[in-house]
Amino acid sequence: ALPSGERKSPEFRAFFKPLEDREQELAKEMAPEILKLRTELDILEARWRNAKAEAAKRPEQKGDPVKAESEARELAEEVSKFVVPAVPRLLADDATPEAVAALLAEQNGRLAIASAEGGIFDIIAGRYSDGAPNLDVYLKGYSGDTLRVDRRSRPPEFVPNPCLTVVLTVQPDVIRSLADNPTFRNRGFTARWLFVLPQS
């Protein structure tokens, strides 16, 4: 935490550039394999849909619905076990708590939030959720408690032992405003997350 004009951003960029470069390298390395697996899954799902349609036919229609039903069940099992890895991510920045939880689930429970600004605190405090703070993913990412997210709009997410690193270079006023927020203070957010080096 330093006042404006103390060259936080250049130091931040220099520190994180190797990680950003490595993240891009990993994404390029994995791209062909991910595309290949997505294509295989598309084909498998198309075969599954065709087998289901065949199995649903009435007995008087052409085809063998019994055989198709068996095939549909076998294909359904294959689809359920098929895994397409996510594009590798090491870092995130402007992300809602829900997006952070999804990234943690995709990335085997490991992620860093890194930013030269403190905008992430506004998001946590409820910028996109009518002012309702959502601290759980950050508190559990700190303590390593199991993270479970169930929403109607997306598949369930389960992250055992999450590890979320947060590195921000902010102005002291940002830190003071967090300490003044009763939700952050009462939930232990400020005590767990704000490690501020003393100014020289």
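The values are calculated or read from the model by the stated rules, or taken from the named source; none is laboratory data. Quick caveat, the model's predicted, so the values are computed rather than measured. Cβ placement follows ideal geometry from the backbone for every residue including glycine, while neighbour counts extend to all protein chains displayed. Note: accessible area is taken over every heavy atom of the protein model, side chains too, but ligands, DNA and RNA are not part of it. Shrake-Rupley method; radii C 1.70, N 1.55, O 1.52, S 1.80 Å.
Below are the figures for this structure:
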item	result
Residues satisfying the stated conditions in the range 138-164, i.e. touching a Gly at 6+ places or on another chain (Cβ under 8 Å) and either assigned to a helix (DSSP H, G or I) or β-branched (Val, Ile, Thr) (or both)	Leu139, Val159
Residues that are part of a loop (DSSP other than H, G, I, E, B) and of a type outside the set (A, V, I, L, M, F, W, C), drawn from the range 78-101	Pro85, Pro88, Arg89, Asp93, Asp94, Thr96
Selected residue [more than 30 Å from Ile175 (Cα to Cα), within 26 Å of the chain's Cα centre (by Cα) and at pLDDT 95 or above] from Leu111, Leu75, Leu91, Leu41	Leu41
Qualifying residues in the range 171-200 (those that are part of a helix (DSSP H, G or I) and of a type in the set (A, V, I, L, M)) - the one modelled with the lowest pLDDT	Ala191
Complete set of residues in the range 1-14 that are open to solvent by 60 Å² or more (accessible area, probe 1.4 Å) and within 24 Å of Arg89 (Cα to Cα)	Glu11, Arg13, Ala14
Criterion: farther than 18 Å from Glu157 by Cβ, in a helix (DSSP H, G or I) and in contact with a Leu (Cβ under 6 Å, 6 or more places away or on another chain) - qualifying residue of Leu75, Leu44, Leu104, Leu19	Leu19
When residues of the range 65-102 are limited to those that are of a type outside the set (D, E, K, R) and open to solvent by 70 Å² or more (accessible area, probe 1.4 Å), the one nearest to Glu29 (Cα to Cα)	Val83
Pick from the range 103-138, criterion under 19 Å from Ser177 (Cβ atoms) and of a type in the set (A, V, I, L, M), ranking: surrounded by the fewest Cβ atoms within 10 Å (Cβ to Cβ)	Ala132
Residue match in the range 74-91 (condition: of a type in the set (Phe, Trp, Tyr) and more than 27 Å from Asp42 (Cα to Cα))	no
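Residue-by-condition table, conditions (1) under 28 Å from Arg73 (Cβ atoms); (2) open to solvent by less than 70 Å² (accessible area, probe 1.4 Å):
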position	(1), (2)
Phe16	no, yes
Glu23	no, yes
Ala27	no, yes
Lys36	yes, no
Asp42	yes, no
Glu45	yes, yes
Ala51	yes, yes
